[in-house]
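One structure is given below, encoded as structure tokens.
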Amino acid sequence: MFKQFAHRHSPCTVNGEPDVVILSRDTRATTIVGKEYMYNGVFAPTSSIKPGDLIENGDTFLVQTLRLTTEKDRYCSLIKTNAAITVNRYSGEYDENDNQIGDEEYRPIAENVIAFAQYVTALLRQDDPGLLPSTTYTLQLQTTVDIKDPQDAIHPDQVILHGKAYQVDAVDVVKYPNLLHVQLSDSVR
């Protein structure tokens, strides 16, 4: 099928490597998020695409799911990204003798990280019973981003989203293959 629609091929990059895709909107969508951010992408059987990859073609997408069609085309569910975040970690600076210099504070460990951010509404809470009561935003981003699960840190990481600091409350590595699903709450620091 992919070859039959050569007139619809559009150039893109997959994690920076050139590729081609047939892009279409997800027509089953009934919500604004579904209509604006959910896309389908079809890649050639020879493509190296996999869940969690970053697709760029003027817009930027994250690959949520992938399945093979009967012709072995790579059919993907894509989500259009809408945020560039900064991840901060509570840490201090040390000299060559491991003596602390100054006070510990939140310092950036990753900047301009491409993500899909979604504000948590009452409807989203109904649809996703796994949301914590304090969650304000959810994020989807690549697993290459170094965000610590709050259970593994003394001080939870912070995410700067649209100029405001949010505390990382949960990091789910299972919900989406090769993507992190992060729950954020208003920062208390």
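Would you confirm whether any residue within the range 81-98 is in contact with a Ser or Thr (Cβ under 7 Å, 6 or more places away or on another chain) and surrounded by 14 or more Cβ atoms within 10 Å (Cβ to Cβ)? Yes, the range 81-98 contains at least one residue that is in contact with a Ser or Thr (Cβ under 7 Å, 6 or more places away or on another chain) and surrounded by 14 or more Cβ atoms within 10 Å (Cβ to Cβ).
Are any of the residues in the range 53-60 within 18 Å of the chain's Cα centre (by Cα), at pLDDT below 95 and over 27 Å from residue 173 (Cα atoms)? Within the range 53-60, one or more residues are within 18 Å of the chain's Cα centre (by Cα), at pLDDT below 95 and over 27 Å from residue 173 (Cα atoms).
May I ask you to verify whether residue 110 is in contact (Cβ under 8 Å) with a residue 24 or more places away in the chain, surrounded by 15 or more Cβ atoms within 10 Å (Cβ to Cβ), in a strand (DSSP E or B) and under 12 Å from the mean Cα position of the chain (by Cα)? So residue 110 does not fit the description; no. Go through the range 173-185 and give me each residue that's assigned to a strand (DSSP E or B) and either under 11 Å from the mean Cα position of the chain (by Cα) or modelled with pLDDT of 95 or more (or both). Correct list: 176, 179, 180, 181, 182, 183, 184, 185. Here residue 136 fulfils each of the conditions (1) farther than 14 Å from residue 83 by Cβ; (2) more than 15 Å from the chain's Cα centre (by Cα); (3) modelled with pLDDT of 95 or more apart from (1).
Of note, residue 71 does not satisfy the criterion of being assigned to a strand (DSSP E or B), in contact (Cβ under 8 Å) with a residue 12 or more places away in the chain and charged (D, E, K, R).
Number of residues in the range 113-140 that are in a strand (DSSP E or B), surrounded by 13 or more Cβ atoms within 10 Å (Cβ to Cβ) and touching a Phe, Trp or Tyr at 6+ places or on another chain (Cβ under 8 Å): the value is 6. The residue of the range 68-80 that is nearest to residue 139 (Cα to Cα), among those that are open to solvent by 40 Å² or more (accessible area, probe 1.4 Å) and of a type outside the set (D, E, K, R), is 75. Applying the set (1) within 13 Å of residue 21 (Cα to Cα); (2) open to solvent by 30 Å² or more (accessible area, probe 1.4 Å) to residue 65 leaves exactly one unmet item: (1).
Out of the residues in the range 146-172 that are surrounded by 18 or more Cβ atoms within 10 Å (Cβ to Cβ) and assigned to a loop (DSSP other than H, G, I, E, B), which is nearest to the chain's Cα centre (by Cα)? If we take residues in the range 146-172 being surrounded by 18 or more Cβ atoms within 10 Å (Cβ to Cβ) and assigned to a loop (DSSP other than H, G, I, E, B), then 147 is nearest to the chain's Cα centre (by Cα). Residues in the range 16-35 that are of a type in the set (Val, Ile, Thr) and either in a strand (DSSP E or B) or over 16 Å from residue 76 (Cβ atoms) (or both): 20, 21, 22, 30, 31, 32, 33.
Every condition in (1) basic (Lys, Arg); (2) open to solvent by 60 Å² or more (accessible area, probe 1.4 Å); (3) part of a strand (DSSP E or B) is met by residue 50 except one, and the failing one is (3).
The values are calculated or read from the model by the stated rules, or taken from the named source; none is laboratory data. Note that the coordinates shown come from a computational prediction; the quantities given were computed from them, not determined experimentally. So basically every Cβ, Gly included, is an ideal-geometry build from the backbone, and we count neighbours across all protein chains shown. When the accessible area is computed, the model is the full protein with side chains, heavy atoms only, and any ligands, DNA or RNA have been set aside. Shrake-Rupley method; radii C 1.70, N 1.55, O 1.52, S 1.80 Å.
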